[in-house]
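The values are calculated or read from the model by the stated rules, or taken from the named source; none is laboratory data. Source: prediction; values computed, not measured. For neighbour counting, all protein chains shown are included, and Cβ atoms are generated from backbone atoms with ideal geometry for every residue, glycine included.
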Amino acid sequence: MKPNITTIPITEIFEETEGCPICRMHRMLEEQYVEYITGAAMMAPDVRVKTNEVGFCHRHFSMMVNTGPRLSNALLLQTHIDELRKKVFPKKDTDAADKKMIAAIRQNAGTCYVCDRIERDILHLLATVYVQFGADHDFRRQYADQDFICLDHYALIMGNVSKKNMDKKALPDFYAATNKLAHGYMDTLYDDVTHFTTMFDYRNAGGDYKNSKDAIERSIRFLTSYPVDENLK
Ligand SMILES: [Zn+2]
Ligand SMILES: [Zn+2]
C-alpha cells in the first residue's frame, strides 16, 4: 500500500514519551516507505523513474536490503546503476571525467528517495501538530511530557511554526514547552556528562553516578537524532 500520512496518528505518537516524538514520526514514515519501495512501488513507473534518478542513502539502502525481497532490491539497483553509470563516466575510457560528471557523483551521494519523501511528509505532519497544540489542552500536556526533542528536530519544529499555522495565543506556551524539551534537555545532558567525567576522579571512587551512566549515549542520540550504532566498530 502507498504510504498515506493522513493515517499517521499524531496523538498516538505523542502518547508515547520515550525519546524524541519527531524521531518516532520519522521512523514510522521510513518503515512505511521502505516497505512500499521494495513492494507495491516496484510496479509504479513514476516512482521507479524517481528512484532510478536519485537513489538512496546508506541508511535506507540498508533498511531495504534487511527487510525487503532480494529480487526487488536487485531490480531497483539494476535500473539505478544503469542510469547512473551513463551520467557519471565519460563515453571513452581514455577521456577524463568532466565537471558535470564529478558533480553528478557528488549529487548522487547526497540524494535519497526515502529521505526526500519523509522531509516533505514531516512538514505536513507538523502542520497537524501545530493546529492540535493550539486547539487541544490535553495534547499540550502530552507534548510537554515528551523526554526531549532532538536538536535537528528542534530546528525543524521551531523553524516552521508561525502565527499562520498555530493559534497565536498558544505560541508562547509552544515556545516554552519546546525550549524546555531541547534547551532544558541539553542542559541536563551537559550536567550528566560533566558528572560522569568526575566519576573518573579517584576521590569519587565508589560514588553515585546518579543519571550519568548513559550520558554519552543519550547525548549522541540528542545531537544526531539516532542512537549509537553498535554495528559500527
Ligand atoms: Zn528527533
Ligand atoms: Zn535516506
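Can residue 60 be described as of a type outside the set (Val, Ile, Thr) and in contact (Cβ under 8 Å) with a residue 40 or more places away in the chain? Can you show your working first?
Values: of a type outside the set (Val, Ile, Thr): yes; in contact (Cβ under 8 Å) with a residue 40 or more places away in the chain: yes.
Taking the combined requirement at face value, the residue satisfies it.
Being surrounded by 13 or more Cβ atoms within 10 Å (Cβ to Cβ), more than 16 Å from ligand 1 (Cβ to nearest atom), within 30 Å of residue 228 (Cβ to Cβ) and more than 21 Å from the chain's Cα centre (by Cα) is the requirement here; does residue 84 meet it?
Values: surrounded by 13 or more Cβ atoms within 10 Å (Cβ to Cβ): yes; more than 16 Å from ligand 1 (Cβ to nearest atom): yes; within 30 Å of residue 228 (Cβ to Cβ): no; more than 21 Å from the chain's Cα centre (by Cα): yes.
For residue 84, the condition - surrounded by 13 or more Cβ atoms within 10 Å (Cβ to Cβ), more than 16 Å from ligand 1 (Cβ to nearest atom), within 30 Å of residue 228 (Cβ to Cβ) and more than 21 Å from the chain's Cα centre (by Cα) - is not met.
Do you know which of the residues in region 126-155 that are buried (at least 20 other Cβ atoms within 10 Å of the Cβ) and among the aliphatic types (A, V, I, L, M) is nearest to the chain's Cα centre (by Cα)?
So, considering only residues that are buried (at least 20 other Cβ atoms within 10 Å of the Cβ) and among the aliphatic types (A, V, I, L, M), the one nearest to the chain's Cα centre (by Cα) is 149.
Filter region 31-47 down to residues that are more than 12 Å from residue 67 (Cα to Cα) and touching a helix residue (DSSP H, G or I) at 6+ places or on another chain (Cβ under 7 Å), then give me how many there are. Break it down into steps so the answer makes sense when it comes.
Here is the first cut: in region 31-47, the residues more than 12 Å from residue 67 (Cα to Cα) are 40-47.
Narrowing the set further to residues that are touching a helix residue (DSSP H, G or I) at 6+ places or on another chain (Cβ under 7 Å) leaves 41-42, 47.
The qualifying residues number 3.
Do we find a residue being touching a helix residue (DSSP H, G or I) at 6+ places or on another chain (Cβ under 7 Å) and small (Gly, Ala, Ser) anywhere in region 188-205? If you could, list the steps in order and put the result at the bottom.
Narrowing region 188-205 to residues touching a helix residue (DSSP H, G or I) at 6+ places or on another chain (Cβ under 7 Å): 189, 192-193, 196, 198, 204.
Next, from what is left, pick out any that are small (Gly, Ala, Ser): none.
So far as region 188-205 goes, no, none of its residues is touching a helix residue (DSSP H, G or I) at 6+ places or on another chain (Cβ under 7 Å) and small (Gly, Ala, Ser).
May I ask you to verify whether residue 185 is at pLDDT 95 or above, exposed (fewer than 14 other Cβ atoms within 10 Å of the Cβ), more than 18 Å from the chain's Cα centre (by Cα) and away from ligand 2 (no atom under 16 Å from the Cβ)?
Details: at pLDDT 95 or above: yes; exposed (fewer than 14 other Cβ atoms within 10 Å of the Cβ): no; more than 18 Å from the chain's Cα centre (by Cα): yes; away from ligand 2 (no atom under 16 Å from the Cβ): yes.
No; evaluated as a whole, the condition is false for this residue.
Please go through region 198-233 and give me each residue that is farther than 20 Å from residue 59 by Cβ, more than 17 Å from the chain's Cα centre (by Cα) and basic (Lys, Arg), ordered by number. Spell out the reasoning first.
Looking only at region 198-233, we keep the residues that are farther than 20 Å from residue 59 by Cβ, and these are 198-216, 218-219.
If we keep only those that are more than 17 Å from the chain's Cα centre (by Cα) as well, we get 198-216.
Residues satisfying the conditions are 203, 210, 213.
Sort out which residues of region 95-133 are touching a residue at least 12 places away in the same chain (Cβ under 8 Å) and part of a loop (DSSP other than H, G, I, E, B), and write them in order of number.
Selection gives 111, 112.
Could you grab the pairs with beta carbons closer than 7 Å, sequence gap of 6+ or different chains, first residue in region 20-48 and at negative phi, second one crowded, with 19+ Cβ neighbours inside 10 Å and among the acidic types (Asp, Glu)?
29/121
Among helices (runs of 4 or more DSSP H) lying entirely in region 4-94, which contain 1 or more residues that are more than 16 Å from ligand 2 (Cβ to nearest atom) and closer than 18 Å to residue 125 by Cβ? Give the steps one after another, and end with the answer.
Numbers: elements: 10-15, 21-37, 45-54, 58-67, 70-88.
Here the list reads 10-15, 21-37.
Given the residues 143, 175, which is the only one that is farther than 30 Å from residue 58 by Cα and within 16 Å of ligand 1 (Cβ to nearest atom)?
Numbers: 175 fails: within 16 Å of ligand 1 (Cβ to nearest atom).
On inspection, the qualifying residue turns out to be 143.
Limited to region 92-104, what total is found for residues that are more than 18 Å from residue 49 (Cα to Cα) and either surrounded by 12 or more Cβ atoms within 10 Å (Cβ to Cβ) or of a type in the set (A, V, I, L, M) (or both)? Step through it out loud before you land on a result.
Step one: of region 92-104, the residues more than 18 Å from residue 49 (Cα to Cα) are 92-103.
If we keep only those that are either surrounded by 12 or more Cβ atoms within 10 Å (Cβ to Cβ) or of a type in the set (A, V, I, L, M) (or both) too, we end up with 96-97, 101-103.
Number of matching residues: 5.
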